[in-house]
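Notes follow the structure.
The values are calculated or read from the model by the stated rules, or taken from the named source; none is laboratory data. All values derive from a computational prediction rather than experimental measurement. Quick reminder, even Gly has a Cβ in these numbers, built from the backbone with ideal geometry, and neighbours come from all protein chains shown.
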Amino acid sequence: MTASIPDIYSTIHMLLDNYVPPLTPRAEGSNNRYDMYYPHSVELFGRTYPELYFAGVAAFEKYVGLYFFPIYSHPAEFTEVPEGLRKMLKGKSCFHIKSGDEAVMKDIRLLLDKGFSFYQSKGLIK
């Protein structure tokens, strides 16, 4: 079953909400951009940041963008992204989701869980 863009967006939005707290949501923009941040100072690759971006979602006309920072910051840890989801990766960290079938949503949930657990294991999210 192919879900509509609003349905895909809503599903990913709900998946992201599972990480509140410790993450804090921030919503803005015309594309209903919804991002998750760890609102505390973190050190990453020898540099200190006032907060850490984790992931976000935005709705566009023909796809839903899933922005996933762990795959950008630590690409070696995410080499085994399921093939169906890997095909949706555009650039280094943005997935263009056009299908909301259960397998894709399960893969997204597992990817988010892996990223969250990985950041916790590195002490980036407490």
Residue that is surrounded by the most Cβ atoms within 10 Å (Cβ to Cβ), among those in the range 1-22 that are at pLDDT 90 or above and assigned to a loop (DSSP other than H, G, I, E, B): Y19
Could you check, for the range 48-55, whether at least one of its residues is surrounded by 18 or more Cβ atoms within 10 Å (Cβ to Cβ), within 13 Å of the chain's Cα centre (by Cα) and not aromatic (F, W, Y)? yes
Residues of the range 80-111 that turn out to be in contact with a Leu (Cβ under 6 Å, 6 or more places away or on another chain) and assigned to a helix (DSSP H, G or I), as a count: 2
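Across the range 75-126, what is the total count of residues that are within 19 Å of H40 (Cβ to Cβ) and more than 12 Å from the chain's Cα centre (by Cα)? Give the derivation first.
So the first thing to find is which residues in the range 75-126 are within 19 Å of H40 (Cβ to Cβ), and the list is 115-126.
Subset that is more than 12 Å from the chain's Cα centre (by Cα): 117-126.
Qualifying residue count for the region: 10.
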The condition of being of a type in the set (D, E, K, R), in a helix (DSSP H, G or I) and at pLDDT below 95 holds, among E77, E43, E61, only for E77
Which of the numbered conditions does P39 fail, given that it passes all the others? Conditions: (1) within 19 Å of I125 (Cα to Cα); (2) in contact (Cβ under 8 Å) with a residue 24 or more places away in the chain. (2)
Consider the range 87-97. How many of its residues are surrounded by 14 or more Cβ atoms within 10 Å (Cβ to Cβ) and either over 19 Å from R26 (Cα atoms) or at pLDDT 95 or above (or both)? 6
Scanning for something of a type outside the set (S, T, N, Q) and either in contact with a Lys or Arg (Cβ under 7 Å, 6 or more places away or on another chain) or closer than 14 Å to R109 by Cα (or both), does the range 45-52 turn up at least one residue? no
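When residues of the range 23-45 are filtered for being charged (D, E, K, R) and crowded, with 16+ Cβ neighbours inside 10 Å, how many remain? Spell out how you get there, then give the answer.
We begin by selecting, within the range 23-45, every residue charged (D, E, K, R); these are 26, 28, 33, 35, 43.
With the extra rule that they be crowded, with 16+ Cβ neighbours inside 10 Å, the set shrinks to 35.
Residues that pass the stated criteria total 1.
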Pairing a residue in the range 5-30 that is under 13 Å from A58 (Cβ atoms) with any residue that is surrounded by 13 or more Cβ atoms within 10 Å (Cβ to Cβ) and among the small types (G, A, S), where Cβ atoms lie under 6 Å and the two sit 6 or more apart in sequence or on different chains, gives I5/A59; I8/G100; Y9/A59
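Here is a list: G84, G115, G100. Which entry is closer than 22 Å to A3 by Cα and crowded, with 20+ Cβ neighbours inside 10 Å?
Numbers: G84 fails: crowded, with 20+ Cβ neighbours inside 10 Å; G115 fails: closer than 22 Å to A3 by Cα.
The unique qualifying residue is G100.
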